[in-house]
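Asks: Below are the structure tokens for one structure; questions will follow.
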Amino acid sequence: MKVLAFDIYGDFGHFKKFYTTSSPLTFSFPPPPTVRGMLGAIVGADKIEYLEVFSHKNCKIAIRILSPVKKIRMGINYINTKDNCWIPIQKGSHKARTQIRTEFLKDPAYRIYVSHNDESVFSKLVDHVKEHKTVYTLSLGLSELLADFKYVGLWEVTEGHSAEGEIATVIPMSAIEDYGIRFEEGKRYLKERVSVDMNQQRVVERYEDVLFEAQGKPIYARTKVYWEVENGERIVFF
């Protein structure tokens, strides 16, 4: 099986946690539906179409954290657009703006591994990444947080089962054997619950607990299934 690897990075990122409202928090890495949206932006699939084109049944993705996870908080001004109009100054009970403290990722960088069942879609994706070309603007969660990307490689991967080794990507907990994690000194292990599958009505059909190392280091684990890239890396797909 062929897999495309490319890096995506930027100055700031924000991937909103689904359970936060008034003070938005961010995931440490883009959840799979967000990555599928990025792929859609590259090839030109719109916000409804990409959920089918890059659905779980058609497309496998794996996510590797390349830089240490750093989070900061800043205030964002939201303008008042009540009654379909912008009120630039305070008028009666209407405030001109509301400032919301929002959590951001600082200097985020990720390596995305992609495989697709449709050869025409996959070829288009590979060509666009190689040519550093997108149809829609690429961002890291919010439209204001512009992203850059670069081609890394097009590699063969082979599937393996029930083996121990270092996994370079984030790991869905369902893929890890019981007591299959070797906790090593100097590493920071974190777990976040993210959305994995979303249908075309934008309803999340499956959530998953995901294990990752906050500094971007590999995790030594025994997994039920893994894929070995020809450069020696082991990855786990969603």
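The values are calculated or read from the model by the stated rules, or taken from the named source; none is laboratory data. Quick caveat: nothing in here was measured; it's all calculated off a predicted structure. No Cβ is skipped: glycine too gets one built from the backbone with ideal geometry, and neighbour counts run over all protein chains shown.
Asks: Return the only residue of E177, E185, E205 being surrounded by fewer than 14 Cβ atoms within 10 Å (Cβ to Cβ) and outside any strand (DSSP E or B).
Replies: Sole residue among the options that is surrounded by fewer than 14 Cβ atoms within 10 Å (Cβ to Cβ) and outside any strand (DSSP E or B): E185.
Asks: While we're on this one: In the stretch 94-143, how many residues are within 22 Å of I72 (Cβ to Cβ) and over 17 Å from the mean Cα position of the chain (by Cα)?
Replies: Going through the stretch 94-143 one residue at a time, the tally reaches 6.
Asks: Which count do you get for residues in the stretch 18-44 that are in contact (Cβ under 8 Å) with a residue 12 or more places away in the chain and part of a loop (DSSP other than H, G, I, E, B)?
Replies: Qualifying residue count for the region: 11.
Asks: Follow-up question, since we're still on this one. Which condition breaks for R222 when tested against (1) under 27 Å from K17 (Cα atoms); (2) in contact with a strand residue (DSSP E or B) (Cβ under 9 Å, 6 or more places away or on another chain)?
Replies: It is condition (1) that R222 fails.
Asks: Would you confirm whether any residue within the stretch 103-114 is of a type outside the set (S, T, Y), exposed (fewer than 12 other Cβ atoms within 10 Å of the Cβ) and at pLDDT 70 or above?
Replies: Checking the stretch 103-114: not a single residue is of a type outside the set (S, T, Y), exposed (fewer than 12 other Cβ atoms within 10 Å of the Cβ) and at pLDDT 70 or above.
Asks: Which of the residues that make up the stretch 142-166 are surrounded by 13 or more Cβ atoms within 10 Å (Cβ to Cβ) and either without any contact (Cβ under 8 Å) to a residue 24 or more places away in the chain or not in a strand (DSSP E or B) (or both)?
Replies: L142, L145, A147
Asks: For residues that are closer than 19 Å to N199 by Cα and at pLDDT 95 or above, tally how many sit in the stretch 18-41.
Replies: 12
Asks: Tell me yes or no: at least one residue of the stretch 55-72 is more than 29 Å from Q99 (Cβ to Cβ), at pLDDT below 95, buried (at least 19 other Cβ atoms within 10 Å of the Cβ) and of a type in the set (A, V, I, L, M, F, W, C).
Replies: No, because not a single residue in the stretch 55-72 is more than 29 Å from Q99 (Cβ to Cβ), at pLDDT below 95, buried (at least 19 other Cβ atoms within 10 Å of the Cβ) and of a type in the set (A, V, I, L, M, F, W, C).
Asks: Going by what's in this entry, would R222 be described as charged (D, E, K, R) and modelled with pLDDT under 95?
Replies: The answer is no for R222.
Residue-by-condition table, conditions (1) more than 15 Å from the chain's Cα centre (by Cα); (2) more than 22 Å from F27 (Cα to Cα); (3) touching a residue at least 40 places away in the same chain (Cβ under 8 Å):
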| position | (1), (2), (3) |
| --- | --- |
| R182 | yes, yes, no |
| E185 | yes, yes, no |
| Y189 | yes, no, no |
| R193 | no, no, no |
| E228 | yes, yes, yes |
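Asks: Looking only at the stretch 42-52, filter to residues that are buried (at least 20 other Cβ atoms within 10 Å of the Cβ) and over 13 Å from R202 (Cβ atoms); which one of those is modelled with the lowest pLDDT?
Replies: A45
Asks: Now for a separate question. What are the pairs, 6+ residues apart or on separate chains, where a residue within the stretch 197-211 that is in contact (Cβ under 8 Å) with a residue 60 or more places away in the chain has its Cβ under 9 Å from a residue that is surrounded by fewer than 13 Cβ atoms within 10 Å (Cβ to Cβ) and acidic (D, E)?
Replies: Sorted first by the residue in the stretch 197-211, then by its partner, the pairs are D197/E205; M198/E205; N199/E205.
Asks: Scanning the stretch 16-39 for residues that are buried (at least 21 other Cβ atoms within 10 Å of the Cβ) and of a type in the set (A, V, I, L, M, F, W, C), which turns out farthest from the chain's Cα centre (by Cα)?
Replies: L39
Asks: If you don't mind, another one. Which ones in the stretch 208-238 are assigned to a strand (DSSP E or B), of a type in the set (A, V, I, L, M) and buried (at least 17 other Cβ atoms within 10 Å of the Cβ)?
Replies: V210, L211, I219, A221, V229, I235
Asks: Can you tell me which residues in the stretch 117-163 are farther than 19 Å from F54 by Cα and touching a Pro at 6+ places or on another chain (Cβ under 7 Å)?
Replies: Result: no residue meets the conditions.
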